[in-house]
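Below: the structure, in structure tokens.
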Amino acid sequence: AEGEEPFLIATTTPPTAPPQVFVYDGFQDQAQWNRFLAFVRAHTESWNVELWCVDLKATAQSYADQSVWASGTGRIFLEFYDVLDVDMEAFAFEGLVPSASEQWKVPQLKEEICRQQSDAAQNSI
């Protein structure tokens, strides 16, 4: 319902690494976005991810054909079980290398990204 906080299940091992928000610029269409979601799901274990949320902002090239995007920017919030010793290339997807948001913005972005995902899930029921 509106105004309710999303329900999260706590794990027995709390995350020890600071959460991150990565920004991917350049998604071309819905199919690529769907492949990205599958990519993230496939890597959550190897990345030691406890929680993740994503959002997408896309602009169509024309109103008549919204299947081709002029631009698409995806953001992913990641909360890790442990610190990863990898560079941003480890998170690259189909030539899109993410940039990291400034650490002080992460709590605000988590709320924004995860709230949108929770709202979208509730609206699809």
Taking segment 8-53 as the search range and keeping residues that are of a type in the set (A, V, I, L, M, F, W, C) and over 25 Å from Lys105 (Cβ atoms), which one is modelled with the lowest pLDDT?
Ile9
Per-region count, segment 38-56, residues in a helix (DSSP H, G or I) and open to solvent by 30 Å² or more (accessible area, probe 1.4 Å):
5
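Scanning segment 75-92 for residues that are open to solvent by less than 70 Å² (accessible area, probe 1.4 Å) and farther than 16 Å from Val106 by Cβ, which turns out modelled with the lowest pLDDT?
By that ranking, first place goes to Ala90.
Please tell me if Thr59 is over 15 Å from Ile113 (Cβ atoms) and in a strand (DSSP E or B).
Values: over 15 Å from Ile113 (Cβ atoms): yes; in a strand (DSSP E or B): yes.
Spelling it out, Thr59 is indeed over 15 Å from Ile113 (Cβ atoms) and in a strand (DSSP E or B).
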Under 6 Å by Cβ, and 6 or more places apart or on different chains, what pairs join a residue from segment 78-90 that is touching a residue at least 40 places away in the same chain (Cβ under 8 Å) and part of a loop (DSSP other than H, G, I, E, B) with one that is hydrophobic (A, V, I, L, M, F, W, C) and surrounded by 11 or more Cβ atoms within 10 Å (Cβ to Cβ)?
Asp82/Ala17; Val83/Ala17
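The values are calculated or read from the model by the stated rules, or taken from the named source; none is laboratory data. Not measured: the values here are computed from a predicted model. Every residue, glycine among them, receives a Cβ derived from its backbone with ideal geometry; neighbour counts consider all protein chains shown. Ligands, DNA and RNA are stripped out before the accessible areas are found, and what is left, the full protein with its side chains, is counted by its heavy atoms. Shrake-Rupley method; radii C 1.70, N 1.55, O 1.52, S 1.80 Å.
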